[in-house]
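One structure is given here, and the rest of the page talks about it.
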Amino acid sequence: MINIENLHKSYKMGNNTLHVLKGIDFKVEEGELVAIMGSSGSGKSTLLNIVGMLDSLDEGLYTLDDIIIKDLDETKAAKYRNKFLGFVFQSFNLINYKNALENVSLPLYYQGIKRKERQEVALSYLEKVGLKEWATHLPSELSGGQKQRVAIARAMAARPKVLLADEPTGALDTTTSFEVMDLLQKINEDGNTILVVTHEEDIAKMCKRIVRLKDGVIVEDKNVEQVLASKYV
Amino acid sequence: MFSLDRWQEIFQTISKNKLRTFLSGFTVALGIFIFIILFGFGNGLKNTFKEEFLEDATNSIRIFAGKTSKPYKGFKSNRRIEFKNSDIEDIKLNFPFYLEYITPRINRFALSSYKNESNNYSTQGVAPSHQYFEKTIMMKGRYLNENDVKNKTKNAVIGRLVALDLFKQEDPLGKYISLAGVAFKVIGVFQDEGGDNEERIIFLPYTTRQLLEKSNDKIDQILVSFKPELGLKIALIFEKKLRLFLKNKKSIDPTDSKGIYIRNIAQAANQNEEFASVLQYIVTFVGLGTLIAGIIGISNIMVFVVKERTKELGVRKALGATPRSVIAMILQESIFITALSGSIGMLIAIVILQNLGDTLDKFFIRNPYVDISTAIFSTFILIIFGAIAGYIPAKRAASIKPIVALRDE
């Protein structure tokens with residue numbers, strides 16, 4: 001599904017160049033649940049941003065579903081993001097003046113789907129994350145865990161090929177974190193490919209594979225025995 | 001291209017962000033409102049100005065006689081100059097190229113009475129062409145004619161207020177009034193837009209006035225009008241020649257500034273018109289200033305709005321919004337708000353201007369108005385600039401990478 005070869009990325013900080021990713025080789029097959037781990041500054045978020053086409057790569061090859069992703073202009077990147085990718089952010093990034101249902105239907109709006117169908121699809125995804133009754137509530141009326149579940153529903157509503165989660169539990173307490181992980185595991189069981197960036201060990205262990213980054217290179221890449229989050233919920 | 005979905009999206013954004021919408025809408029409405037009100041006031045000032053200064057014929061020249069201040073050709077100084085009927089004939093003979101109308105005028109105050117009512121009015125002994133100089137409008141009967149002058153008839157044309165004072169409800173036509181003891185027949189009633197004093201005048205044939213004053217042929221003033229197509233420059237030449245001619249005829253030193261006074265209304269009117277157009281420039285300038293202030297106001301708000309929405313725009317882009325759709329959304333929203341609130345501001349201002357009418361007369365603002373095309377044009381300009389002001393930050397926001405927009409601050 002995802003194939004990355006010899007990926008380099010550096011940032012210019014004034015006169016200095018910060019070499020963040022120093023040759024990453026990385027493959028993800030369909031249906032995997034991968035945790036990308038590393039301390040801050042290890043380049044894990046940069047990697048996720050490049051995979052998510054939110055950032056461009058300097059050197060190397062990146063193919064997503066056999067399409068070479070390179071030198072995209074913003075319009076094309078937006079279309080690919082809309083078609084291939086779903087995003088879950090640490091700070092949820094829900095649009096605060098839209099209710100849960102409207103937030104979930106937003107990617108469908110950009111896919112050009114008709115209003116009525118949008119609402120039906122969005123409602124079915126809200127139901128999947130257990131928030132059907134909260135459809136008309138604004139983000140400010142939801143708890144952190146609920147917000148993240150709305151965000152996950154929004155990411156899934158566009159039927160992406162890959163779900164990218166950047167510290168999805170970073171702003172949540174332990175119990176709520178496990179609820180969110182339980183949800184991600186269930187989505188993964190349905191056959192969806194998920195990448196989770198995290199720095200928490202126990203969250204990483206709930207994935208099927210852990211990739212560790214340090215100073216811009218992969219230091220470890222192993223499959224693990226998945227811990228089911230439902231045990232803690 | 002009309003898209004119901006996009007409009008729904010925009011209406012939602014507008015209705016969920018009431019303060020923001022109100023602020024930008026208010027700025028636009030206020031800008032256009034002030035512009036139109038100011039412009040209307042400016043027009044009102046101009047109206048007042050025109051009515052105050054430009055009511056009489058503007059191509060006329062008034063000639064007065066005075067006392068000389070220099071000795072000349074054996075005459076001592078301090079000699080009183082007087083005009084005579086022959087002067088009129090000489091001017092007619094010598095200046096046919098320039099001349100349009102000419103009339104003498106003899107001013108006398110006279111106690112006028114009808115039945116039990118009496119009052120002092122200014123009487124003016126004039127020729128029929130005098131009607132042209134004062135733009136006298138006949139309400140009833142007729143003005144003086146050549147017959148009146150030739151036969152020295154005792155006919156009088158009275159002002160509207162004279163008729164009202166002396167005759168009350170009675171019809172004055174054909175009645176006789178006494179002017180300083182002499183009976184005159186009222187043959188006409190006139191009105192004049194120059195104000196009340198201009199309607200408290202009685203016109204008599206100048207020959208009749210001369211007859212009453214021991215059959216002399218003296219004239220107080222001469223009113224001359226030049227052909228309007230000659231223009232101001234030639235009028236000034238005419239004035240010069242006229243002065244020279246009269247000084248020569250009356251044996252006045254050509255360098256003597258006294259003796260004969262000539263007041264060229266054309267020159268005064270020209271200055272007045274120049275003043276009026278300066279007034280118009282000032283009004284336009286102030287109006288443009290307001291408009292620019294309004295545009296700057298919208299620009300500021302648009303920058304602020306886009307800044308405030310950076311994160312939202314980042315989210316939208318991460319979810320698949322193309323830069324084009326982001327720009328289109330912001331523009332459509334800003335144009336919609338500017339157009340709506342601009343029209344509201346414009347309509348309110350127009351309605352207020354129309355209802356003001358003469359209520360601001362004491363501030364020299366009469367009938368303030370703004371023509372619809374100016375109003376619509378300025379609103380349109382404001383909308384265009386509002387769109388441009390929105391486009392620049394929107395374009396910048398749309399080109400920011402979502403990763404930057406989404407960065408937690």
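FYI, it's all coordinate maths here, none of it is from the lab. Please read these numbers as outputs of a predicted model, since none were measured by experiment. FYI the Cβ positions are ideal-geometry reconstructions off the backbone, even for glycines, and counts take in every protein chain you see.
Summarise the partner chain shielding of A:68-78 as one whole number: the mean count of Cβ atoms from other chains within 10 Å of each residue's Cβ.
4
Between rounded, prolate and oblate, where does the stretch A:36-144 land on the alpha carbon gyration tensor, with a ≥ b ≥ c its root eigenvalues, rounded for a/c under 1.5, else prolate if a/b exceeds b/c? If you can, show how the numbers build up before the last one.
Numbers: a/c = 2.67, a/b = 1.57, b/c = 1.70.
Taking the square roots of the gyration eigenvalues as a ≥ b ≥ c, the stretch A:36-144 is oblate.
For labels at A:Lys186 and B:Leu236 in the simple 7 Å Cα→Cβ model, what's the distance in nm?
Result for the modelled spin labels: 9.5 nm.
Check the straight Cα-Cα distances from B:Lys140 and name the lysines below 26 Å, setting aside those fewer than 8 residues away within the same chain.
B:Lys115, B:Lys150, B:Lys152, B:Lys154, B:Lys168, B:Lys175, B:Lys185
Rounded to the nearest 0.05, what FRET efficiency do B:Glu193 and A:Tyr11 have when you use their Cβ-Cβ distance and R0 = 60 Å?
FRET efficiency, B:Glu193 to A:Tyr11: 0.15.
What value, in deg cm²/dmol to 500, does the helix sum -39500 (n - 2.57) over DSSP H runs of n ≥ 4 give at 222 nm once divided by the residues of chain B?
Roughly -18500 deg cm²/dmol at 222 nm, from the helical runs in chain B.
B:Leu211 to B:Ser129: FRET efficiency via 1/(1 + (r/R0)^6), r the Cβ-Cβ distance, R0 25 Å, to the nearest 0.05? Kindly include the intermediate steps, with their values, before the conclusion.
On the way: r = 20 Å, r/R0 = 0.79.
It comes to 0.80.
At 0.36 nm per residue, and after removing the present C-alpha to C-alpha distance, how many nm does the segment from B:Ile296 to B:Ser3 gain when stretched out fully? Please list the in-between numbers first.
Values: separation 293, 0.36 × 293 = 105.48 nm, distance 3.04 nm.
Value of the extension gain: 102.4 nm.
Label points 7 Å out from Cα along the Cβ direction at B:Phe285 and A:Lys116: separation in nm?
6.3 nm
Where both partners of a DSSP beta bridge lie in the protein assembly as shown, what percent of those bridges are antiparallel, to the nearest 5?
70 percent
Return, ordered by residue number, the residues of the stretch A:65-83 whose backbone nitrogen is under 20 Å from a label point located 7 Å along Cα→Cβ of B:Gln12.
Residues A:79, A:82-83 fall inside that zone.
Nearest 0.05, what FRET efficiency do B:Tyr176 and B:Glu146 give at R0 = 22 Å with Cβ-Cβ as r?
With R0 = 22 Å, the Cβ-Cβ based efficiency is 0.45.
Note down the relative contact order for the stretch B:60-264 as a percent, whole number, built from C-alpha pairs under 8 angstrom at least six residues apart. All intermediate terms of the calculation are to be shown ahead of the outcome.
Details: 419 pairs, mean separation 70.8, N = 205.
Normalised by residue count, the contact order of the stretch B:60-264 is 35 percent.
Please give me the summed charge of the neighbours of A:Arg115: other residues whose Cβ is under 12 Å from its Cβ, Lys and Arg +1, Asp and Glu -1.
Details: positive: A:Lys114, A:Lys116, A:Arg118, B:Arg6; negative: A:Glu102, A:Glu117, A:Glu120, B:Asp5, B:Glu9.
In short, -1.
What are the aspartates and glutamates whose alpha-carbon lies under 18 Å from the alpha-carbon of A:Lys147, with same-chain residues fewer than 8 places away excluded?
Those aspartates and glutamates meeting the cut-off are A:Glu102, A:Glu127, A:Glu133, A:Asp166, A:Glu167, A:Asp173, A:Glu179, A:Asp182, B:Glu312, B:Asp408.
Report relative contact order for the stretch A:148-233 in percent, whole number only (criteria: Cα-Cα under 8 Å, sequence separation at least 6). Mind showing how you got there, number by number?
Numbers: 98 pairs, mean separation 24.9, N = 86.
Value for the stretch A:148-233: 29 percent.
Report the paramagnetic label zone for A:Ser143: residues of the stretch A:83-120 whose backbone N is under 20 Å from a point 7 Å from Cα along the Cα-to-Cβ axis.
Output list for this probe position: A:89-94, A:100-101.
Net charge near B:Met302: determine it from the other residues with C-beta under 12 Å of the C-beta of B:Met302, scoring Lys and Arg +1 and Asp and Glu -1.
So the environment of B:Met302 carries a net charge of +3.
Is there a pair in A:Lys9/A:Lys114; A:Lys161/A:Lys222; A:Lys231/B:Lys16; A:Lys231/B:Lys317; B:Lys70/B:Lys218 whose C-alpha atoms are over 30 Å apart, and which pairs would that be?
A:Lys9/A:Lys114; A:Lys231/B:Lys16; A:Lys231/B:Lys317
Among B:366-373, B:248-255, A:50-57, what's the highest-first ranking by average C-beta atoms within 10 angstrom per residue?
Working: B:366-373: 17.0, B:248-255: 14.2, A:50-57: 22.6.
Output ranking for B:366-373, B:248-255, A:50-57: A:50-57, B:366-373, B:248-255.
Before anything else, pin down the relative contact order of chain A: Cα pairs under 8 Å, at least 6 apart, normalised by residue count, whole percent.
Numbers: 476 pairs, mean separation 64.0, N = 233.
The normalised contact order for chain A reaches 27 percent.
Under the rule of -39500 (n - 2.57) per DSSP H run of 4 or more residues, summed and divided by the residues of chain A, what mean residue ellipticity at 222 nm is obtained, to the nearest 500 deg cm²/dmol?
-10000 deg cm²/dmol
At what distance in angstrom do the alpha carbon centres of the stretch A:64-124 and the stretch B:318-332 lie from each other?
13 Å
Any aspartates and glutamates with Cα under 18 Å of the B:Lys249 Cα? List them, leaving off those in the same chain fewer than 8 positions away.
Once the sequence-local aspartates and glutamates are set aside, what remains near B:Lys249 is B:Glu82, B:Asp87, B:Glu89, B:Asp90, B:Asp217, B:Asp220, B:Glu239.
Per residue of A:51-61, count partner chain C-beta atoms within 10 Å of its C-beta, then hand back the mean as an integer. Present the calculation step by step, with values, prior to reporting the outcome.
Numbers: counts 0, 3, 4, 9, 4, 2, 0, 0, 0, 0, 0.
Other-chain Cβ atoms within 10 Å of each residue's Cβ, averaged: 2.
What spacing in nm lies between the two simple spin-label points modelled at B:Asn85 and B:Gln267, each 7 Å away from Cα in the Cβ direction?
Between B:Asn85 and B:Gln267, the label points sit 3.2 nm apart.
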